[in-house]
Amino acid sequence: MSTILPPVRLVRGSAKLTKKQGDGITGLAMTFPAVLLILVFVIIPIVMTLYFSFYNWSFYQESQYVGMDNFRKVLLDPWFWNSIWVGFQFTFWNMTISMLFAFIVALSAREMGKKLAGATKTLIYMPTIISGIIVSYIFVFIYNYRGGILNTFIGFFGIKAQAWLVNPELAMFSMVFPSIWLAVGYKALVLLAGMNDIPVQYYEAASLDGAGWRQKLVYITIPCLKNVLFYLTITGVVTAMQMFDLSRFVTGGGPQGMTTMPVLYLYNRFTGDLFIGPSMAGALILAALLGTASWMVFKAVNTDKNMDG
């Protein structure tokens, strides 16, 4: 005797569930390349750096666990703290001068016509797309003691040729100026974009109240750009402290370590030491210092109020 089965009813909700699953799979497939890149080039290197920092690891000898000894070596090395001090000096001058110039360029570009403003934005952004190594060699040629463009220029005014790259009083600024040339374009465009987002009604109302350009700048432009300035400060400090190209290829870290940036110190330690543990420990210490510096900037500019507007 055959059994009669009840008719199968299609549940409409199952189609929705299948669509959600399909969307989820599509989303995972689209994010997988980014996740893979982050895993390979960020997470795994961080884990390996942390691992190697606790070992006397070498390419030629069997590694040995040494605990915190590598961190102790770096923290007791006066050249490490010298590089940190050089990094702070470089960051201060780079941020101060580049932000000032970028602000002036952005203000000027905002008042220009469309064609002139477009040409200005193109010109100031061009150095940003040039490799740091190429910029380094350009300025090495400019600073050349014999036949360099800068010494030739000041010679027209009766000034003696200067050893820009080996003079302790000039070496730091010889490294700072190329970094400013590289940074101004990007910062100016970001500031200009922020200025263009400020409602015109603010300036019109201020004009009706008799405010001049200084009052508008102080009480409208700068306060409305606080989040943009905050962003540029954070990214600028972290980028400047990690600068390597100019320190390595313009001055070589000299004279007497006066332009040795933290990353160049780690590079020299990595290439000149049989064991890579100390350089790994130094990288982690530098990351901790940069994180602390970023946190201090957050506190200094009162982040909560900035983000809330």
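What residue among Ala34, Ala188, Ala287 shows peak mean-square fluctuation when the chain is described by a Gaussian network model with Cα springs under 10 Å?
Among Ala34, Ala188, Ala287, the largest mean-square fluctuation in the Gaussian network model of the chain belongs to Ala34.
GNM on the chain, C-alpha springs below 10 Å: top fluctuator among Thr233, Thr49, Thr18?
Thr18
Using only the Cα atoms of the stretch 191-288, build the gyration tensor, take square roots of its eigenvalues as a ≥ b ≥ c, and label the shape rounded, prolate or oblate: rounded if a/c is under 1.5, else prolate if a/b is larger than b/c, else oblate.
Values: a/c = 5.18, a/b = 3.32, b/c = 1.56.
The shape class here is prolate.
When a/c reaches 1.5 or more, the comparison of a/b and b/c decides; with that in mind, is the stretch 19-164 rounded, prolate or oblate per its Cα gyration tensor?
Values: a/c = 2.74, a/b = 1.26, b/c = 2.17.
Taking the square roots of the gyration eigenvalues as a ≥ b ≥ c, the stretch 19-164 is oblate.
Residues of the stretch 119-138 with amide nitrogen under 20 Å from the 7 Å Cα-to-Cβ point of Gln242?
The answer is 128-136.
Okay, helix-only estimate at 222 nm for the chain: each DSSP H run of n ≥ 4 adds -39500 (n - 2.57), divide by all residues, round to 500 deg cm²/dmol; what do you get? Don't skip to the answer; put the middle values down first.
Values: 14 runs with 204 residues, N = 309.
Helices in the chain give a 222 nm mean residue ellipticity of -21500 deg cm²/dmol.
With a 10 Å Cβ neighbour count serving as the proxy for reagent exposure, in which order, fewest first, do Val184, Val218 appear?
So the residues, fewest neighbours to most, are Val218, Val184.
Return the sequence-ordered ³J(HN,Hα) values of the stretch 204-218 in whole Hz as given by the Karplus equation 6.51 cos²θ - 1.76 cosθ + 1.60 applied to θ = phi - 60°, using x for Gly and Pro.
Using θ = phi - 60°, the values come out as 5, 5, 5, 5, 5, 7, x, 6, x, 5, 5, 5, 5, 5, 6 Hz.
Extending each Cα 7 Å along its Cβ direction at Val47 and Asp273, get the distance between those two points in nm, one decimal.
Using points 7 Å along Cα→Cβ, the separation is 2.4 nm.
Can you tell me how much longer the chain between Gln256 and Ala300 gets when fully stretched, taken as 0.36 nm per residue apart minus their C-alpha distance, in nm with one decimal?
Taking Gln256 through Ala300 to full extension adds about 12.5 nm, to one decimal.
Taking neighbour Cβ counts within 10 Å as the exposure measure, how do Trp57, Trp85, Trp164, Trp295 sort from fewest upward?
By the 10 Å Cβ count, ascending: Trp295, Trp85, Trp57, Trp164.
Whole-Hz ³J(HN,Hα) for each residue in the stretch 54-63, computed from phi via Karplus 6.51 cos²θ - 1.76 cosθ + 1.60 with θ = phi - 60°, x for glycine and proline: what do you get?
Calculated HN-Hα couplings, in order: 9, 10, 8, 8, 9, 6, 10, 10, 6, 6 Hz.
Between rounded, prolate and oblate, where does the stretch 97-142 land on the alpha carbon gyration tensor, with a ≥ b ≥ c its root eigenvalues, rounded for a/c under 1.5, else prolate if a/b exceeds b/c?
Prolate shape, in that a/c is at least 1.5 and a/b is the bigger ratio.
Compute the normalised compactness of the chain: alpha-carbon radius of gyration over 2.2 N^0.38 Å, N being the residue count. Mind dumping the intermediate values first?
On the way: Rg = 27.4 Å, N = 309, 2.2 N^0.38 = 19.4 Å.
In units of the globular-protein estimate, the chain measures up at 1.41.
For Tyr55, enumerate residues with amide H under 5 Å from its amide H, sequence gap 5+ or separate chain, H modeled in the peptide plane.
Placed amide hydrogens put Val66 under 5 Å from Tyr55.
Testing the spin-label approximation: label points 7 Å from Cα along Cα→Cβ at Met126 and Leu39. State their distance in nm.
4.4 nm
Return the sequence-ordered ³J(HN,Hα) values of the stretch 80-90 in whole Hz as given by the Karplus equation 6.51 cos²θ - 1.76 cosθ + 1.60 applied to θ = phi - 60°, using x for Gly and Pro.
Values, residue by residue: 5, 5, 4, 5, 5, 5, 4, x, 5, 4, 4 Hz.
Readers should treat all values here as calculations from the given coordinates under stated rules, not as data from a laboratory. A quick note: this is a predicted structure, and the numbers were derived from the prediction, not measured. As a convention, Cβ positions derive from the backbone with ideal geometry for all residues, glycine included, and neighbour counts pool all protein chains shown.
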